Amino acid sequence: MKSNFDLELIKTDVEVKNKNDLLQKMVFDLFRNDYIKDPRGFLEAIITKEELHTTGIGYGIAFPHSIHNTVIKQIVVIYTLKEAIEYDALDFQPVNLVFLIASPVETNQKYLEILRFLSSILREKKNRQIILNTHDRIKLYQFLQGFVQ
């Protein structure tokens, strides 16, 4: 799988107040780094999806995502949070590791590949702990790149 990571979109020890604050910051990072054209439209799509079904999958992890016409290039924004936040996760636990996946409409299959790729990494408790305990975004980027073929 080709890398869908950008060092500018990996942040560690991020401080957020709540889920909406988190999603706004992540979407703004996408816009600021020229991955989306319409931050308001993309944020609305992410929030709508969250209202229908939480992307908090358990183990402190969330995968907010959207396939949207405002996305210029498929990318993953990664935040580790300084303090876990309430996220309405499936296991009712707070979230402290968030992977926001932004995909253009024409990359539906690649979008599923990213979900499988991240799920395979995060399935291992050891990998989750390494990610959460890596406070240097460059080292975190290098760790994740180690899984890319």
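The values are calculated or read from the model by the stated rules, or taken from the named source; none is laboratory data. As the structure is a prediction and not an experimental result, all values here were calculated from the model. Cβ: placed from backbone, ideal geometry, glycine included. Neighbour counts: every protein chain shown.
For the reader, a short list of remarks on this structure follows.
- Single residue of PHE99, PHE92, PHE31, PHE5 found to be of a type in the set (Phe, Trp, Tyr), touching a strand residue (DSSP E or B) at 6+ places or on another chain (Cβ under 8 Å) and modelled with pLDDT of 95 or more: PHE99
- Output for the range 85-128, where each listed residue is outside any loop (DSSP other than H, G, I, E, B) and among the small types (Gly, Ala, Ser): ALA102, SER103, SER119, SER120
- ILE61 closer than 20 Å to LYS25 by Cα, among the aliphatic types (A, V, I, L, M) and in contact (Cβ under 8 Å) with a residue 24 or more places away in the chain: yes
- Count of the range 110-126 residues which are under 14 Å from the mean Cα position of the chain (by Cα) and under 20 Å from VAL95 (Cβ atoms): 7
Here's the yes/no breakdown for (1) in contact (Cβ under 8 Å) with a residue 12 or more places away in the chain; (2) of a type in the set (D, E, K, R); (3) within 23 Å of LEU122 (Cα to Cα):
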| residue | (1), (2), (3) |
| --- | --- |
| LYS19 | yes, yes, yes |
| MET26 | yes, no, yes |
| ASP38 | yes, yes, no |
| LEU43 | yes, no, no |
| ILE47 | yes, no, no |
| THR54 | yes, no, yes |
| VAL71 | yes, no, no |
| THR80 | yes, no, yes |
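- Each residue in the range 89-119 was checked for being closer than 19 Å to GLY56 by Cβ and polar (S, T, N, Q), and 3 pass.
- Among the candidates ILE114, ILE101, ILE131, the residue that is surrounded by 13 or more Cβ atoms within 10 Å (Cβ to Cβ), within 15 Å of LEU9 (Cβ to Cβ), in contact with a His (Cβ under 6 Å, 6 or more places away or on another chain) and not hydroxyl-bearing (Ser, Thr, Tyr) is uniquely ILE101.
- Some residue of the range 119-130 being closer than 23 Å to PHE28 by Cβ and among the hydrophobic types (A, V, I, L, M, F, W, C): no
- Every condition in (1) surrounded by fewer than 20 Cβ atoms within 10 Å (Cβ to Cβ); (2) within 21 Å of VAL148 (Cβ to Cβ) holds for TYR35 except the one numbered (1).
- Here the condition is being surrounded by fewer than 20 Cβ atoms within 10 Å (Cβ to Cβ), in contact with a Phe, Trp or Tyr (Cβ under 9 Å, 6 or more places away or on another chain) and either in a strand (DSSP E or B) or at pLDDT 95 or above (or both); of LYS17, LYS73, LYS82, LYS25, it holds for LYS25 alone.
- Residue in the range 28-51 that is closer than 19 Å to THR107 by Cβ and assigned to a strand (DSSP E or B) present: yes
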